[in-house]
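For reference, the structure is listed below as structure tokens.
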Amino acid sequence: MAYFSRITGTGGYLPERVLSNAELETMVNTTDAWIRERTGISQRHIAADDEFTLDLAEAASRRAIEAAGVRTDDIDLIVVATTTADQVFPSTACLLQSRLGIHGCPAFDIQAVCTGFVYALSVADQFMRSGMASKVLVVGAETFSRIIDWTDRNTCVLFGDGAGAVILERDSEPGILSTHLHADGDYASLLQVPKGVSNQLSAVQQGSAFVEMAGSEVFRMAVKTLGRIADETLAANDMRKDQLDWLIPHQANHRIIAATAKKLSMPMEKVVQTVATHGNTSAASIPLALDVAVRDGRIKQGEHVLMEGFGGGFTWGSALIKW
Ligand code: COA
């Protein structure tokens, strides 16, 4: 008996507060026109002072659970992708488990920055394929606003807060056709938060507790790498580009998204884009975009959906799904 996983419910949550480009103009030396032209972003959502990654994760999870129509008691694995956990420990997944009133099932976090959701989905799929889980909650949740230097125009215009979640259920046919994960830590310095827990008092380790990014280098690598992983995914499934119905890329920059779509010869109508209104929500960006496209009815049963992500590490990965 082969076990596969299928996404049976999606959920998303964005904090109420919207930070517009116009407001950013009053904070750093930037313009609405520059941000729109270079990134495609016009606004992003920012968590309230008393709102944390766990709150965002809980709201998105409850919506996914409701959409799937599963009982929380039946969830037998929780995987949360986040770079911005509320606490050093317990993991966000354990805190979320308690909020949802679930007891006993394994729960853990995954840290792969903007590729986090794809990593989490892949790990969850392996649990399903091995028969170790049958109903999984997979979440991408971030409060990136907490690790942004709001005086640095190179980074502060790009990111936002949010959470997205899916429920995976066991099926006799895939759902998730394949996942592909990669990393290369040699590129760590191009996109990083240098200070963490162990090195926070170290004089040897220089750098801030905020996101530092070599924007144009990251841009070039992202375009090259996302093109490669799309080819790898199609080859693994013996599929052609024109058999893809939807591309759901990580939402970092509309120019990166457009370049990836061009390499796949996909018209932009087949690309789900939320970057304009969400900004880059890191691990939350793909499940948030998926939730939008599922709820507005764009994605139909039987269609092929390619998700792909790229982020700090560098990490990159993809998931091909038959909806
Ligand atoms: N407003 C106005 N000017 C800005 C600016 C802002 N918010 N941010 C940077 N600039 C300036 C730079 O200082 C630079 O000025 P200079 O030429 O006088 O030094 C100029 O704009 C061009 O900078 P550059 O980095 O070459 O621009 P770019 O076209 O590469 O766009 C990014 C910058 C950050 C939007 C782009 O590189 C990018 O999106 N990179 C990838 C980011 C990403 O995806 N990160 C996460 C991956 S998960």
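The values are calculated or read from the model by the stated rules, or taken from the named source; none is laboratory data. Nothing here was measured: the structure is a model prediction, and the numbers come from that model. A quick note on method: Cβ atoms are made from the backbone with ideal geometry, for glycine too, and the neighbour counts reach across all protein chains shown. Heads up: the accessible areas ignore ligands, DNA and RNA and are worked out on the full protein's heavy atoms, side chains in. Shrake-Rupley method; radii C 1.70, N 1.55, O 1.52, S 1.80 Å.
If we count every other residue with Cβ under 11 angstrom of R63's Cβ, Lys/Arg +1 and Asp/Glu -1, where does the sum land? Intermediate values should be presented prior to the final figure.
On the way: positive: R62, R295; negative: E58, E66, D291.
Charge balance near R63 sits at -1.
Measuring with a 1.4 Å probe in the full set of protein chains, what accessible area per residue, in whole Å², belongs to the stretch 177-322? The partial results should precede the final answer.
Numbers: 6370 Å² over 146 residues.
Accessible area per residue, the stretch 177-322: 44 Å².
Need the C-alpha centroid separation for the stretch 70-94 versus the stretch 272-296, integer Å.
Distance between centres, Cα-based: 20 Å.
With contacts defined as alpha carbon pairs under 8 Å and 6 or more residues apart, what's the relative contact order of the chain in percent?
Working: 798 pairs, mean separation 83.8, N = 323.
Across the chain, relative contact order equals 26 percent.
State whether the stretch 243-323 is rounded, prolate or oblate according to the following rule on the C-alpha gyration tensor (a ≥ b ≥ c being the square roots of its eigenvalues): a/c under 1.5 gives rounded; otherwise a/b larger than b/c gives prolate, and the remaining case gives oblate. Intermediate values should be presented prior to the final figure.
Values: a/c = 1.45, a/b = 1.30, b/c = 1.11.
Rounded.
Dividing the alpha-carbon Rg of the stretch 4-172 by 2.2 N^0.38 Å yields what?
On the way: Rg = 17.3 Å, N = 169, 2.2 N^0.38 = 15.5 Å.
Ratio of Cα Rg to 2.2 N^0.38 Å: 1.12.
Round to the nearest 0.05 the FRET efficiency obtained for R153 and R220 when R0 = 22 Å and r is the Cβ-Cβ distance.
Details: r = 20 Å, r/R0 = 0.92.
FRET efficiency, R153 to R220: 0.60.
If you roll a 1.4 Å probe over the chain with all protein chains in place, what percent of the accessible area is carbon or sulfur?
Roughly 51 percent, rounded to a whole number.
Which residues does the label zone of S172 cover in the stretch 5-22, counting backbone N under 20 Å from a point 7 Å along Cα→Cβ?
Within reach of a label on S172: 5-8.
Taking R0 as 41 Å, what FRET efficiency do you get between D74 and E51 from their Cβ-Cβ distance, rounded to the nearest 0.05?
Values: r = 28 Å, r/R0 = 0.69.
Step by step, r from the Cβ atoms, then E = 0.90.
Counting only Cα, what are the radius of gyration and maximum Cα-Cα distance Dmax of the stretch 177-322, in Å?
16.6, 55
Cα-Cα over 20 Å: which of K135/K300; K224/K300; K270/K322; K241/K322?
Numbers: K135/K300 22 Å; K224/K300 30 Å; K270/K322 15 Å; K241/K322 14 Å.
With Cα atoms farther than 20 Å apart: K135/K300; K224/K300.
Can you give me the Rg/Rh ratio for the chain, using Cα atoms for both radii and the Kirkwood formula for Rh? If you can, show how the numbers build up before the last one.
Details: Rg = 18.5 Å, Rh = 19.5 Å.
Checking Rg against Rh, the ratio lands at 0.95.
Contact order normalised by length for the stretch 141-248, with contacts defined as Cα pairs under 8 Å and 6 or more residues apart; what percent is it?
Details: 79 pairs, mean separation 27.0, N = 108.
Result for the stretch 141-248 is 25 percent.
Excluding S282 itself, what net charge comes from residues whose Cβ is under 11 Å from its Cβ, given Lys and Arg +1 and Asp and Glu -1? Kindly include the intermediate steps, with their values, before the conclusion.
Numbers: positive: none; negative: E142, D161.
Residues close to S282 contribute a combined charge of -2.
Accessible area per residue, 1.4 Å probe, Å², for the stretch 4-172: what's the number? Could the numbers behind the result be given before it?
Working: 6720 Å² over 169 residues.
Ligands and nucleic acids excluded, the figure is 40 Å² per residue.
Based on the mean of other beta carbon atoms within 10 Å per residue, what is the order of 232-241, 217-226, most packed first?
Numbers: 232-241: 13.7, 217-226: 18.4.
Order by mean packing, descending: 217-226, 232-241.
Can you tell me the order of 98-109, 126-137 when each peptide is scored by its average per-residue count of other Cβ atoms within 10 angstrom, highest first?
Numbers: 98-109: 15.0, 126-137: 19.0.
Highest-to-lowest ranking by the protection proxy: 126-137, 98-109.
Using the Cα centre of the stretch 6-148 as the reference point, and only Cβ charges (+1 on K/R, -1 on D/E), how large is the resulting charge dipole? Debye, rounded to the nearest 20.
On the way: 12 positive and 18 negative charges, 98 e Å.
In total the dipole reaches around 480 debye.
How do the peptides 139-148, 173-182 rank, highest first, by the average count of neighbouring beta carbon atoms within 10 Å per residue?
Numbers: 139-148: 27.1, 173-182: 17.4.
Final packing ranking: 139-148, 173-182.
Let me have the 222 nm mean residue ellipticity of the chain computed from DSSP H runs of 4+ only, each contributing -39500 (n - 2.57), with the sum over all residues rounded to the nearest 500. It would help to have the intermediate numbers written out before the result.
Numbers: 10 runs with 102 residues, N = 323.
After summing the helix terms and dividing by residue count, I get -9500 deg cm²/dmol.
If we count every other residue with Cβ under 15 angstrom of P174's Cβ, Lys/Arg +1 and Asp/Glu -1, where does the sum land? Write down the numbers at each step before the final one.
Working: positive: R6, R129, R170, K322; negative: D125, E169, D171, E173, D238, E303.
Neighbour charge sum, excluding P174 itself: -2.
For N199 and D184, compute 0.36 nm times the residue count separating them, minus their Cα-Cα distance, and round to one decimal in nm. Working shown, then result.
Working: separation 15, 0.36 × 15 = 5.40 nm, distance 2.16 nm.
So the extension gain works out to 3.2 nm.
If amide H atoms are built 1.01 Å from N in the plane of the peptide, which residues on other chains or at least 5 residues away come under 5 Å of the amide H of S178?
HN-HN under 5 Å from S178: L320.
Counting other Cβ atoms within 10 Å, which GluC sites (Glu not before Pro) in the stretch 23-65 have at most 13 and lie in a DSSP loop?
Values: sites: E23, E25, E37, E51, E58; in loops: E51.
Loop-located and lightly packed - none at all.
Suppose every Lys and Arg Cβ carries +1 and every Asp and Glu Cβ carries -1, with no other charges. What dipole size does the chain come out with about its Cα centre, to the nearest 20 debye?
Values: 28 positive and 38 negative charges, 143 e Å.
Dipole of the chain, to the nearest 20 debye: 680 debye.
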